Amino acid sequence: MTTPRIVTTPRAEAPPRAADLPLPPRTPGVRGLLKHPRLMHYNRLIALVLAVNLAFLLSRSGDGLTPRTLSDAALVNFAVAIVIRQQYVINLLFRIATAAPTSWPLRIRWTLAKVYHFGGVHVGGALAGTVWFLALVASLTRHAAPAATLAVSYALVVLLIGITATALPPFRARCHDHFERTHRFGGWAALVLFWAQTVLTTLDAPGDGSAAGRLLAAPGVWVLAVITFSVALPWLRLRRVRVAVERPSAHVALARFNHGVTPFAGSSTAISRSPLREWHSFANVPAPGESGFRLTISRAGDWTGKFIDDAPSRVWVKGITTAGVANIETLFRKVVYVATGSGIGPCLPHLLAQEVPARLVWATRSPRTTYGDGLVDEILAVQPDAVIWDTSEHGKPDMVRLAHAAYADFGAEAVICISNKKLTWQVVHGLECRGIPAYGAIWDS
């Protein structure tokens, strides 16, 4: 039996030649405008959260805003921002969104598949919560609150401003490790200070009953309890596990895990060599009928480079496996997967599971040399019609055109792109503005 060959153009027998198909025209009018990257669902959710807060503000403008109201509004927004990032909540959101049958109109399924933009709720809640808290501190200052309350409140202001500043996209892109540590340690410190500030403001306010009774009756205390539980839960599942690392080339490591967990296809696992310093998430690649899973780790920075060059025998994992963008495939009858380089990792479990008919377009450098014959043959065994473009021989292709060619040839309903940020957005927005459902990571964490 001969091994399927790697192809660099779509199947020649496709009628008409898919590679020669022109791209559809851009969608005109308001529908076309809504496909602009600035108006993607992530930003719409931010705007929605801020609009809800504005409506609440206007509804209370006649009655005035007491410190208790300001405090509760801030805490509720922070709770929304934190809980929406909780792994169980993320999995639940994906389960609800992907429960729709493929018999529903494509326009509805197109929108439901944007579920992975939930990070907009996180950003909107965090921004609104910060504004409400600044208003609270101004009110406490104006009303000459006790010194201890003001000291804790101003310390929180400094922390919140620092967390917000380091989360801005330009800083996060340049200094992601600093962003991650500021979010983690700053967030933990802020949570402790929020407990102190909530207790102090609750006891400072006039009221009857014991201190314990007043605290138990305060809504802010219960909101903080939810926040604390949500933050702590992934860390309660922290464990150090064995990993076997295979290195087919100096660019890639295939990490194999078998510690009693077989994740679902399309999920990801966060791993670390130093759990208090940094975490990195990778797509799980379970093999049908086998226990355990693999991670495909490509050299993309200091951490991944060290992992490949000095492979560990054990790593830390925390939380539970979490749904990723490609889980939305079940909303469609047929999909095209577009990947570059190690982007094949998140695609591979779906291709192996074959739950939804799919066509693969993969552009990478020297696939067999880089990823090994075993992995490439495994892909071709389930994707004999895949378009695998060797960039070392043929240069970088026009991925939008390749994606559209596969979409048209295969009769797909959607395209899922797993690549670097620039190319993912190029493919996603290049297809969406032409009326083709397209999806890809949005790099909001």
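Key figures for this structure:
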item	result
The chain - mean residue ellipticity at 222 nm from DSSP helices (-39,500 (n - 2.57) per run, n ≥ 4, rounded to 500)	-15500 deg cm²/dmol
Angle between the chain longest axis and helix 421-432 axis [Cα atoms, degrees, rounded to 10]	80 degrees
About the Cα centre, charge dipole magnitude for the range 35-236 (Lys/Arg +1, Asp/Glu -1 at Cβ), debye	900 debye
Of the trypsin sites (Lys or Arg not before Pro) in the range 254-317, those whose Cβ has at most 13 other Cβ within 10 Å and which sit in DSSP loop	R277
Only Lys, Arg (+1) and Asp, Glu (-1) charged, at Cβ; the chain dipole about Cα centre in debye	300 debye
Phi-based couplings in Hz for the range 125-134 (Karplus 6.51, -1.76, 1.60; Gly and Pro marked x)	x, 5, 5, 5, x, 5, 5, 4, 5, 4
For G440, distant residues with modelled amide H under 5 Å away	C417
Under 16 Å from the Cα of K306 - aspartates and glutamates, other chains or at least 8 residues apart	D177, E246, E278
Cα→Cβ-extended label distance, 7 Å offset, between A51 and H178, nm	3.6 nm
Of K35/K421; K318/K396; K318/K422, those spanning more than 27 Å from alpha-carbon to alpha-carbon	K318/K396; K318/K422
Ranked list, fewest to most other Cβ atoms within 10 Å of each Cβ, for E432, E278	E278, E432
Separation of the D373 and T391 label points, Cα + 7 Å toward Cβ, nm	2.6 nm
Approximate shape of the range 35-236 as ellipsoid semi-axes (Cα gyration tensor, √5λ), whole Å, largest first	33, 20, 18
Nitroxide proxy distance, nm - points 7 Å out along Cα→Cβ at A232 and R142	3.7 nm
W222, W279, W389 arranged by Cβ crowding within 10 Å, fewest neighbours leading	W222, W279, W389
Scattering profile of the chain at q = 0.09, 0.11, 0.12 Å⁻¹ [log10 I(q)/I(0), Debye over alpha-carbon scatterers]	-0.66, -0.93, -1.07
Hz values of 3J(HN,Hα) by residue in the range 401-416 - Karplus curve (6.51, -1.76, 1.60), Gly and Pro given as x	5, 4, 4, 5, 4, 5, 4, 6, 5, 8, x, 6, 9, 7, 10, 10
In degrees, nearest ten, helix 373-382 long axis to first principal axis of the chain (Cα)	90 degrees
Sequence of V83, V285 once ranked by neighbouring C-beta atoms within 10 Å, starting from the fewest	V83, V285
Cα-based equivalent ellipsoid, the range 239-323: semi-axes from gyration tensor eigenvalues, Å	19, 15, 12
Positive minus negative residues near G292 (Lys, Arg vs Asp, Glu; Cβ under 12 Å)	+2
Computed magnitude of the charge dipole of the range 304-445 (debye, nearest 20; Cβ of K, R +1, Cβ of D, E -1)	360 debye
Pairwise centroid distance, computed over Cα atoms, of the range 19-84 with the range 168-209, Å	22 Å
Rounded to 10°, Cα long-axis angle of helix 187-204 versus longest principal axis of the chain	30 degrees
Per-residue ³J(HN,Hα) for the range 226-243, Karplus 6.51 cos²θ - 1.76 cosθ + 1.60, θ = phi - 60°, Hz, x for Gly and Pro	5, 4, 4, 5, 5, 5, 6, 4, x, 6, 5, 9, 5, 8, 9, 10, 6, 9
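Coordinate-derived values only; no laboratory data. Here the structure is a predicted model, which is why all the values come from computation and not from measurement. Neighbour counts are summed over all protein chains in view; Cβ atoms, including those assigned to glycine, are modelled from backbone coordinates with ideal geometry.
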